[in-house]
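J.: Quick one: structure below, then a few questions.
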Amino acid sequence: MAMESVEAVVAHIQGLSGSQEEVAHLHALLKQSEDALRSQAARLGAFLHQLDPSVHTLGYLFLLEAYSSDPVCREQDGDFLLSIVEFINSCSAEQIRLAPEKFISVCKSFKDKVMQLQVPIQGIVPLRTAIRKLQVSSEQLTTLHSDYLLLCLLAKCYKAGLSILDDDIFEVDQPRDLFLYCYYGGMINIGLKSYRKAWECLHNVITAPMTTLNAIAVEAYKKYILVSIILNGQVPLFPKYTSSTAQRNLKSHTQPYIDLANCYATGTFAELEGCIQTNLEKFQSDSNLGLVKQVLSSLYKRNIQRLTQTYLTLSLQDIANAAQLKTPREAEMHVLQMIQDGEIFATINQKDGMVSFHEDPEQYKTCGMIEHIDSSIHRLMALSQKLGSLDEHMSCDPAYLTRIGKERPRFDFDEFDSVPHKFL
Amino acid sequence: MGAVSDGRVSLTARGSKSSAVHRSQHPAILLGFCEAILSWNSRSRVKTRVATMDDDDDDDEAMRSNGGAVDDLSSRAGKGAAGGELMDVEAYAALYTGRTKVARLLFIAGRCGNEAMQLEALRMAHDEIKKGEDSHLYREVTAKIGGRLGPRYALDQSWADTVDRRAEVRKEKLENELTGYKTNLIKESIRMGFNDLADYFYDHGQLGDAFKNYVRTRDYCTTSKHIIHMCLSVILVSIELGQFTHVSNYVSKAEQTPEQLDLVTHSKLRCAAGLAYLETKKYKLAARKFLETGPELGNNYTDMIAPQDVAIYGGLCALASFDRTELKNKVLDNINFRNFLELVPEVRELINDFYASRYASCLEYLENLKPNLLLDIHLHDHVETLYTEIRHKAIIQYTHPFISVDLHMMAGAFKTNVAGLEKELEALIADNQIQARIDSHNKILYARHADQRNATFQRALQTGIEFERDVRAVLVRANLIKQESILKAAKKP
């Protein structure tokens, strides 16, 4: 078909951005003229100014995508970032959803540029807006999620990442997105020191269905081991639903970490330090050294916590001996830190050099606690309803029924046949 | 020192017996020794001792006939005994007959640190073996003696050779007879043939072959008597071989015979079962079996176990594994078992002390018994475990009725210092055997009862959190798998 000129395309865009059918028509036209646009990428910059992003979103998008996919233009345009930001802020969501891949590719080039210029912080807000516009529902995972989290990590704006992380994700388009998303999510939570959530994210990565081992899972497993040790003191076994690929292969790639876990289990501080020293370069090259140091300090905490279970009062000297610290002064500092973090309940009597351990003062009688329990109950009921409906949905699925039908035992006619014959 | 006129041994009873004097050199002792042998030969259980002799040493002899397996307490009461604990090897060995006697003597010789005792044991083993037909064992023992006991105990090669030759001849004869019987197809004679062959192997120390042949008689057993005889023989051989699974199997086989077992056999089977459980560390079951053994056992099973052993094994296992009610019902109120306990008064005393919370004396009895128990062929591996169990039970029982316990007093009761006691308590608390907390500043142990209400709330909230986490993960995973399957379905055509 004839190569339409850019002007003609622009005219179409301006003309056909009214109602929905027009937009659909426009979409078809635009798809046909993609190559033309690409070849003329350099000239497109000028035309962009003729279009209004909020009204002519789809057209603008196509032009912008063609423009940004050309590396030369990207380099030269100083306002490149600005124009994209403007576009993202003012575009209309429905039109974007007609051509999501284009949108995603625009955002990706935006992210690349931001990283190249080493100003990741500038990209955070625009990308967040982009995610919100692209998502059909807040439960959907898009490719942009992982890019967003990556920028948050690079800019060290962990709290910004939290707002996206707090959404529960239930729909995933591309499995690969999930890996990266959960991995970065885990890292952000580690940065915020909320180890429980980090554990959840990393757990999702390693138990996700996978047929071949990928590097993200290996790295995630390394962090998973460290976080498990900090949280629980031990690394749990793989749950049954982990893919066999993961179960067989993950351990062989992460040997130093497993050694560390075993060393931790034996409990002596000197051994643990020794173990860390021997594997120092590996930890550093994986940039996990910070986590490893936290593992070390968690050993003290665990020992001290065990003491709270057996003693009512204990001298600082005894605590120092039991937790293998060097002086009572250090023991006092550790205990103080733990009291402040809310990990133990105790009072330090400096005159006698004694620490008295108390029970958890939570009586579960306050209004706040009742509200908390109430909201938990509601949340859980909603979740289990979701689960129930998923189960129902699946049991009506034809593929499932065919499979069940094939495998059920040969019956005698008295037995109730659970699968209708039409599915056989 | 005064002679103690009843069978009870008190800690101060035996004062002046010098363990440096060798028994066989003292005429009065020989007298008492004969007396003792006569009383054993007549197979009467000596419950209480009649004071007929004033001589200290004879007292010791007769008192030994009460508790032969139990040690000579005086030498341990610190009267300057050379080397410490000297068990009366002769009296101990006199409780047994047959191969177990030799095995036990060899075990003692191997384990005790004392040269005199070792030689004594080896000497007795040698004498016993010479009465039998096992040349292999004979060579072993003479090698161990190594000429230390003089020329009479050196290797008598001619004797060994004669025995071997006799054995060959007998074996041929038996095998010929057996083939003869087999052609005749008379069940009873085949059974007897196999039995005789197995007995022959047993006498000559070839236990594996003995075992096989005893098992072979099984197919030819016609009456329950035969079956029981076969089971008992197999049990005996298996115990010596150390294969306690077979012991349990054959005990149950024997008990399944339709005919009512006579009491002696019943007791024998109980003992065997108890021994099997003991070796497999199932102390509670072992205790139950030993406690059910009837007094009819008497001296009928000396080729495996002595009644003193039943008392000791049963008593210690019960103490280590029963709770208080069971201890009272099955041990203290058990009339049958009382007969056995009379033979070993220390065990009776120590159980009573434990029940009455006199822990110091209970633990003292235990310590006194320990060296001899370490020389017992069946119990030696289990002594440490049983003792730790008993000590733990004692500590738990001590702290149970109180809200607060002063650690100094408790340490005194358990003969340890406060620091050591704290460590033991810490281990027990961490293990959740004691519900308490230690106030290390004031050295008091406070009982602590967990607040059920709070604990329930906590658990409920925790379960909620875990449920949420798992369900969310499931939903994500289900979605992923769905996507995969859609992809696959799309790729197919």
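J.: Does the stretch A:299-326 hold any residues that are surrounded by fewer than 19 Cβ atoms within 10 Å (Cβ to Cβ), at pLDDT 85 or above and either more than 14 Å from chain B (Cβ to nearest Cβ) or outside any helix (DSSP H, G or I) (or both), and which are they?
T.: Scanning the stretch A:299-326 gives a single hit, A:Ser315.
J.: Can I ask one more? Within the stretch B:341-393, which residues are on the phi < 0 side of the Ramachandran plot and of a type in the set (Ser, Thr, Tyr)?
T.: Start the filter on the stretch B:341-393 by keeping residues that are on the phi < 0 side of the Ramachandran plot, which leaves B:341-356, B:358-393.
Correct list: B:Tyr355, B:Tyr359, B:Ser361, B:Tyr365, B:Thr385, B:Tyr387, B:Thr388.
J.: Run down A:Lys159, A:Lys223 and say which single residue is modelled with pLDDT under 90 and basic (Lys, Arg). Give the derivation first.
T.: Working: A:Lys223 fails: modelled with pLDDT under 90.
That would be A:Lys159, the only listed residue that is modelled with pLDDT under 90 and basic (Lys, Arg).
J.: Please find, among A:Lys351, A:Lys406, A:Lys365, the residue that is farther than 30 Å from B:Ala427 by Cβ, more than 12 Å from chain B (Cβ to nearest Cβ) and among the charged types (D, E, K, R). Steps first, answer last, please.
T.: Working: A:Lys351 fails: more than 12 Å from chain B (Cβ to nearest Cβ); A:Lys365 fails: more than 12 Å from chain B (Cβ to nearest Cβ).
None of the others qualify; the one that does is A:Lys406.
J.: I need a count of the residues in the stretch A:340-370 that are surrounded by 15 or more Cβ atoms within 10 Å (Cβ to Cβ), over 31 Å from the mean Cα position of the chain (by Cα) and among the hydrophobic types (A, V, I, L, M, F, W, C).
T.: Total satisfying the criteria: 6.
J.: Here are some residues: B:Ile190, B:Ile235, B:Ile228. Which one is among the β-branched types (Val, Ile, Thr), surrounded by 19 or more Cβ atoms within 10 Å (Cβ to Cβ) and more than 30 Å from B:Ala94 (Cα to Cα)?
T.: On inspection, the qualifying residue turns out to be B:Ile190.
J.: Just to be sure I understand, how many residues within the stretch B:101-137 are among the hydroxyl-bearing types (Ser, Thr, Tyr) and at pLDDT 85 or above? Before you say what the answer is, go through the steps one by one.
T.: Applying the first criterion (among the hydroxyl-bearing types (Ser, Thr, Tyr)) to the stretch B:101-137 yields B:135.
Remaining after also requiring at pLDDT 85 or above: none.
So the answer is 0.
J.: Separate question: Out of contact with any Lys or Arg (no Cβ under 8 Å at 6 or more places or on another chain), within 14 Å of chain B (Cβ to nearest Cβ) and not in a loop (DSSP other than H, G, I, E, B): does that describe A:Phe179? Break it down into steps so the answer makes sense when it comes.
T.: On the way: out of contact with any Lys or Arg (no Cβ under 8 Å at 6 or more places or on another chain): yes; within 14 Å of chain B (Cβ to nearest Cβ): yes; not in a loop (DSSP other than H, G, I, E, B): yes.
Considered against the rule, which asks whether it is out of contact with any Lys or Arg (no Cβ under 8 Å at 6 or more places or on another chain), within 14 Å of chain B (Cβ to nearest Cβ) and not in a loop (DSSP other than H, G, I, E, B), A:Phe179 comes out as yes.
J.: Related question: Where residues in the stretch A:128-147 are surrounded by fewer than 16 Cβ atoms within 10 Å (Cβ to Cβ) and of a type in the set (Ser, Thr, Tyr), which of them is nearest to A:Ile104 (Cα to Cα)?
T.: Only one residue fits best here, namely A:Thr129.
J.: What number of residues within the stretch B:235-251 are more than 15 Å from B:Cys271 (Cβ to Cβ) and in contact with a helix residue (DSSP H, G or I) (Cβ under 7 Å, 6 or more places away or on another chain)?
T.: As a first pass, look at the stretch B:235-251 and keep what is more than 15 Å from B:Cys271 (Cβ to Cβ): B:237, B:241-243, B:245-246, B:249.
Now narrow it down to the ones that are in contact with a helix residue (DSSP H, G or I) (Cβ under 7 Å, 6 or more places away or on another chain): B:237, B:241, B:246.
Summing the residues that are more than 15 Å from B:Cys271 (Cβ to Cβ) and in contact with a helix residue (DSSP H, G or I) (Cβ under 7 Å, 6 or more places away or on another chain) in the stretch B:235-251 gives 3.
Residues checked against (1) loosely packed, with under 14 Cβ neighbours inside 10 Å; (2) within 23 Å of the chain's Cα centre (by Cα); (3) of a type outside the set (A, V, I, L, M, F, W, C):
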site: A:Asn214; (1), (2), (3): no, yes, yes
site: A:Ala220; (1), (2), (3): no, yes, no
site: A:Pro236; (1), (2), (3): yes, yes, yes
site: A:Thr254; (1), (2), (3): no, yes, yes
site: A:Tyr257; (1), (2), (3): no, yes, yes
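J.: Take the residues of the stretch A:126-152 that are over 19 Å from A:Leu64 (Cβ atoms) and among the hydrophobic types (A, V, I, L, M, F, W, C): which is modelled with the lowest pLDDT?
T.: A:Val136
J.: Restricting to the stretch B:399-425, count the residues that are touching a helix residue (DSSP H, G or I) at 6+ places or on another chain (Cβ under 6 Å), within 14 Å of chain A (Cβ to nearest Cβ) and either of a type in the set (D, E, K, R) or over 15 Å from B:Ala447 (Cα atoms) (or both).
T.: Qualifying residue count for the region: 2.
J.: So which of B:Thr257, B:Thr245 ends up being surrounded by fewer than 19 Cβ atoms within 10 Å (Cβ to Cβ), closer than 22 Å to B:Val310 by Cα and without any contact (Cβ under 8 Å) to a residue 40 or more places away in the chain? Step through it out loud before you land on a result.
T.: Values: B:Thr257 fails: closer than 22 Å to B:Val310 by Cα.
The match here is B:Thr245.
J.: Output the residue which, of all residues in the stretch A:148-170 that are over 10 Å from the mean Cα position of the chain (by Cα), surrounded by 17 or more Cβ atoms within 10 Å (Cβ to Cβ) and farther than 21 Å from A:Phe110 by Cβ, is farthest from the other protein chains (Cβ to nearest Cβ).
T.: Taking the candidates together, the pick is A:Tyr158.
J.: I would also like to ask the following. Tell me the residue from A:Leu134, A:Leu98, A:Leu51, A:Leu63 that is in contact with a strand residue (DSSP E or B) (Cβ under 9 Å, 6 or more places away or on another chain) and not β-branched (Val, Ile, Thr), please. Let's see the steps before the verdict.
T.: Numbers: A:Leu98 fails: in contact with a strand residue (DSSP E or B) (Cβ under 9 Å, 6 or more places away or on another chain); A:Leu51 fails: in contact with a strand residue (DSSP E or B) (Cβ under 9 Å, 6 or more places away or on another chain); A:Leu63 fails: in contact with a strand residue (DSSP E or B) (Cβ under 9 Å, 6 or more places away or on another chain).
Residue meeting the stated conditions: A:Leu134.
J.: Out of the residues in the stretch B:448-490 meeting the condition of being of a type in the set (Gly, Ala, Ser) and at pLDDT below 90, tell me which one is farthest from A:Pro209 (Cα to Cα). Before the answer, list the steps.
T.: Filtering the stretch B:448-490 down to residues of a type in the set (Gly, Ala, Ser) leaves B:450, B:455, B:460, B:464, B:473, B:478, B:485, B:489-490.
Pick out the ones that are also at pLDDT below 90 and you get B:450, B:455, B:473, B:478, B:485, B:489-490.
Numbers: B:Ala450: 43, B:Ala455: 37, B:Ala473: 12, B:Ala478: 9, B:Ser485: 12, B:Ala489: 17, B:Ala490: 19 Å.
Within the stretch B:448-490, the match that is farthest from A:Pro209 (Cα to Cα) is B:Ala450.
J.: Pick from the stretch B:426-478 the residues that are polar (S, T, N, Q), at the interface with chain A (Cβ under 8 Å from one of its Cβ atoms) and in contact with a strand residue (DSSP E or B) (Cβ under 9 Å, 6 or more places away or on another chain): which of them is nearest to A:Ala382 (Cα to Cα)?
T.: Top of the filtered list is B:Ser440.
J.: Additional query: Take B:Leu487 and tell me if it is aliphatic (A, V, I, L, M), out of contact with any Gly (no Cβ under 9 Å at 6 or more places or on another chain), more than 8 Å from chain A (Cβ to nearest Cβ) and in a strand (DSSP E or B).
T.: Details: aliphatic (A, V, I, L, M): yes; out of contact with any Gly (no Cβ under 9 Å at 6 or more places or on another chain): yes; more than 8 Å from chain A (Cβ to nearest Cβ): yes; in a strand (DSSP E or B): no.
The answer is no for B:Leu487.
J.: So is A:Arg132 part of a helix (DSSP H, G or I), out of contact with any helix residue (DSSP H, G or I) (no Cβ under 7 Å at 6 or more places or on another chain) and under 29 Å from A:Gly186 (Cβ atoms) or not?
T.: Working: part of a helix (DSSP H, G or I): yes; out of contact with any helix residue (DSSP H, G or I) (no Cβ under 7 Å at 6 or more places or on another chain): yes; under 29 Å from A:Gly186 (Cβ atoms): yes.
Yes.
J.: Then there is this: Identify the residue in the stretch A:371-403 that is within 12 Å of chain B (Cβ to nearest Cβ), exposed (fewer than 12 other Cβ atoms within 10 Å of the Cβ) and among the polar types (S, T, N, Q) and, among all such residues, is farthest from B:Ala478 (Cα to Cα).
T.: A:Ser375
J.: Then there is this: Do you know which of the residues in the stretch A:264-298 that are among the hydroxyl-bearing types (Ser, Thr, Tyr) and not in a helix (DSSP H, G or I) is modelled with the highest pLDDT?
T.: Applying the first criterion (among the hydroxyl-bearing types (Ser, Thr, Tyr)) to the stretch A:264-298 yields A:264, A:266, A:268, A:278, A:285, A:287, A:297-298.
Checking which are not in a helix (DSSP H, G or I) leaves us with A:268, A:287.
Values: A:Thr268: 77, A:Ser287: 80.
Here the answer is A:Ser287.
J.: Let me ask something else. β-branched (Val, Ile, Thr), surrounded by fewer than 19 Cβ atoms within 10 Å (Cβ to Cβ) and at pLDDT 80 or above, is that true of A:Ile121?
T.: Yes, satisfied.
J.: Take the residues in the stretch A:45-62 that are out of contact with any helix residue (DSSP H, G or I) (no Cβ under 7 Å at 6 or more places or on another chain) and assigned to a loop (DSSP other than H, G, I, E, B); name whichever of them is farthest from A:Ala93 (Cα to Cα).
T.: Looking only at the stretch A:45-62, we keep the residues that are out of contact with any helix residue (DSSP H, G or I) (no Cβ under 7 Å at 6 or more places or on another chain), and these are A:46, A:49, A:52, A:55.
Add one more test, that the residue is assigned to a loop (DSSP other than H, G, I, E, B), and what stays is A:49, A:52, A:55.
Values: A:His49: 20, A:Asp52: 14, A:Val55: 11 Å.
Among those that are out of contact with any helix residue (DSSP H, G or I) (no Cβ under 7 Å at 6 or more places or on another chain) and assigned to a loop (DSSP other than H, G, I, E, B), it is A:His49.
J.: Being not aromatic (Phe, Trp, Tyr) and not in a helix (DSSP H, G or I) is the filter; apply it to the stretch A:241-252 and report the residue that is surrounded by the fewest Cβ atoms within 10 Å (Cβ to Cβ). Talk me through it step by step, then tell me what you get.
T.: Initially, the stretch A:241-252 is screened for residues not aromatic (Phe, Trp, Tyr), giving A:242-252.
This time we only want the ones that are not in a helix (DSSP H, G or I), so: A:242-243.
Details: A:Thr242: 17, A:Ser243: 20.
It comes out as A:Thr242.
The values are calculated or read from the model by the stated rules, or taken from the named source; none is laboratory data. Model, not experiment: these values are computed from the prediction. So basically every Cβ, Gly included, is an ideal-geometry build from the backbone, and we count neighbours across all protein chains shown.
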